[in-house]
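The next block holds one structure in the form of structure tokens; read it before the comments.
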Amino acid sequence: MTPVSLGIENVALRFGATEVLRDINLAVAPGEFFALLGPSGSGKSTLLRLIAGFNRNQSGRVLIAGRDVSGVPPWKRNVGMVFQNYALWPHMTVAQNVAFGLEERRLPAAEIRRRVAEVLELVELAGLEQRRPGQLSGGQQQRVAIARTLAIEPQLLLLDEPLSNLDAKLRLQTRQQLKKLQRRLNITTLFVTHDQEEALTTCDRIAVLDQGVIQQVGTPLQLFDHPLNRFVAQFVGSVNLFAGRFSRDGSGLLFHSQALGEVALPASLTAPDPHGELAFRPHAVRLCAGDTPAAHEQMRLAGVVQSQEFLGEFLRYQVRVGSGLVLVDQSHARGEQPLPVGAPVTLLVPAPEIRFIAA
Ligand SMILES: Nc1ncnc2c1ncn2[C@@H]1O[C@H](COP(=O)(O)OP(=O)(O)O)[C@@H](O)[C@H]1O
Ligand SMILES: [Mg+2]
């Protein structure tokens, strides 16, 4: 099957007086694995249901393969949706669950048998046809839900937090299987999640949604390295953010903030606006014991260790600088002792790791 494109143009949706989606615009390419990432309540499920035809937009258009589907009922849209709770029939076997949509479409029995076998093979559930959902693990149930959706051969696959009911290990394994399956089928897929790691690892591109507004669209690397605003910087990864004012003196750029005081920034940097936020990732900071001078093109902050947490691969420090707290992640080498609370330290941040975010 040739994959289709999905277009969302100026879509807005209200429930009563509540604006849930505001001027949504998206262009998903044929065959793309696209994530909708946002916190709980940001409007992800509402948008997905709208694409499937279960919600109606007050304005704007939804285009599947370039065709406006606004007036088309859900069952004629050729869209497959996997719900967060799977919605399997508990009294039916795996095979009956998967066949359900095909029987509704009155396909011939032989064709139904063929398709059921094919999709169960695809999601690696062959052999479990006669089990009931209650006799399956969470991961297997999730794959039955996907198989049931794929059986109707949708042009568009919509997945609403499909991994959220699985435990951490299984989630990891299942998201890799899902990615492989999506690649193999080459089906345009919209994947809803509130989990930034899931979106970063699984999808080609991501749209970050907050309060019904798309904050940014980009590849995982683009979002992480070039967040456009405070929300994206904080939601995709962790970040140190300090609000303040920039000024130039004879020797270079200065940053004045209530939390950090006055900080000299590397000479190569230029601030786009006089006011804004200074942003840098915890892993981009080098932590040195005691007083260490800045090297060329580094920002230097002096502070005191306030707390530390050992996370296995790395140590996360909170360092007090002025009246602010800076998060610092340092990779852990075997046998190395963490710096104790109260230790005076120097933080060094290389110029390319420093970003300015508009106020
Ligand atoms: N049928 C509905 N009637 C009224 N409000 C709704 C309805 N469905 C969702 N909402 C509201 O819309 C907002 C977005 O919900 P939802 O799309 O489920 O968010 P998400 O999936 O991102 O967690 C929430 O504030 C929610 O309470
Ligand atoms: Mg939801």
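The values are calculated or read from the model by the stated rules, or taken from the named source; none is laboratory data. Here the structure is a predicted model, which means the values were calculated and not measured. In this analysis, Cβ positions are derived from the backbone assuming ideal geometry, glycine residues included, and neighbour counts consider all displayed protein chains.
For segment 48-65, the condition of being away from ligand 2 (no atom under 16 Å from the Cβ), part of a helix (DSSP H, G or I) and more than 17 Å from residue 157 (Cα to Cα) holds for none of the residues.
Residues in segment 321-345 that are over 16 Å from residue 242 (Cβ atoms) and more than 33 Å from the chain's Cα centre (by Cα): 335, 336, 337, 339, 340, 341, 342, 343, 344, 345. Give me the residue from segment 149-172 that is among the hydrophobic types (A, V, I, L, M, F, W, C) and assigned to a helix (DSSP H, G or I) and, out of that set, nearest to residue 4 (Cα to Cα). The extreme case among them is 150. For segment 74-120, filtered to residues that are in a helix (DSSP H, G or I) and in contact (Cβ under 8 Å) with a residue 40 or more places away in the chain, the residue that is nearest to residue 52 (Cα to Cα) is 101. If I filter segment 25-47 down to residues being touching a helix residue (DSSP H, G or I) at 6+ places or on another chain (Cβ under 7 Å) and of a type in the set (A, V, I, L, M, F, W, C), which single residue comes out as nearest to residue 186 (Cα to Cα)? Filtering segment 25-47 for residues that are touching a helix residue (DSSP H, G or I) at 6+ places or on another chain (Cβ under 7 Å) and of a type in the set (A, V, I, L, M, F, W, C), the one nearest to residue 186 (Cα to Cα) comes out as 33. Only one entry in 66, 71, 38 is among the small types (Gly, Ala, Ser), surrounded by 13 or more Cβ atoms within 10 Å (Cβ to Cβ) and in the same structural domain as residue 137 (by TED's automatic domain parsing), namely 38. Per this entry, residue 267 is counted among residues that are more than 24 Å from residue 220 (Cα to Cα), in the same structural domain as residue 353 (by TED's automatic domain parsing), part of a loop (DSSP other than H, G, I, E, B) and more than 28 Å from the chain's Cα centre (by Cα). When residue 303 is tested against (1) outside any loop (DSSP other than H, G, I, E, B); (2) within 28 Å of residue 228 (Cβ to Cβ), just one condition goes unmet, and that condition is (2).
For segment 228-254, a residue qualifies if it is part of a loop (DSSP other than H, G, I, E, B), within 13 Å of the chain's Cα centre (by Cα) and of a type in the set (A, V, I, L, M), and exactly one does: 236. For segment 321-337, a tally of residues being under 16 Å from residue 290 (Cβ atoms) and crowded, with 16+ Cβ neighbours inside 10 Å returns 3. Among the residues of segment 200-227, just one is under 11 Å from the mean Cα position of the chain (by Cα), touching a residue at least 60 places away in the same chain (Cβ under 8 Å) and within 24 Å of residue 278 (Cβ to Cβ), namely 208. If I filter segment 173-188 for residues that are more than 11 Å from residue 48 (Cβ to Cβ), away from ligand 2 (no atom under 16 Å from the Cβ), of a type outside the set (Phe, Trp, Tyr) and in a strand (DSSP E or B), do I get at least one hit? Yes, segment 173-188 contains at least one residue that is more than 11 Å from residue 48 (Cβ to Cβ), away from ligand 2 (no atom under 16 Å from the Cβ), of a type outside the set (Phe, Trp, Tyr) and in a strand (DSSP E or B).
A Cβ distance below 7 Å, combined with a sequence gap of six or more or placement on separate chains, defines the contacts here; from segment 168-190, residues that are at negative phi reach residues that are among the charged types (D, E, K, R) in the pairs 175/198; 188/32.
Condition check ((1) in contact with a helix residue (DSSP H, G or I) (Cβ under 6 Å, 6 or more places away or on another chain); (2) closer than 29 Å to residue 140 by Cβ; (3) more than 14 Å from ligand 1 (Cβ to nearest atom)) across all residues:
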residue	(1), (2), (3)
15	no, no, no
19	no, no, no
23	no, no, yes
49	no, yes, no
61	no, no, yes
71	no, no, yes
88	yes, yes, yes
92	no, yes, yes
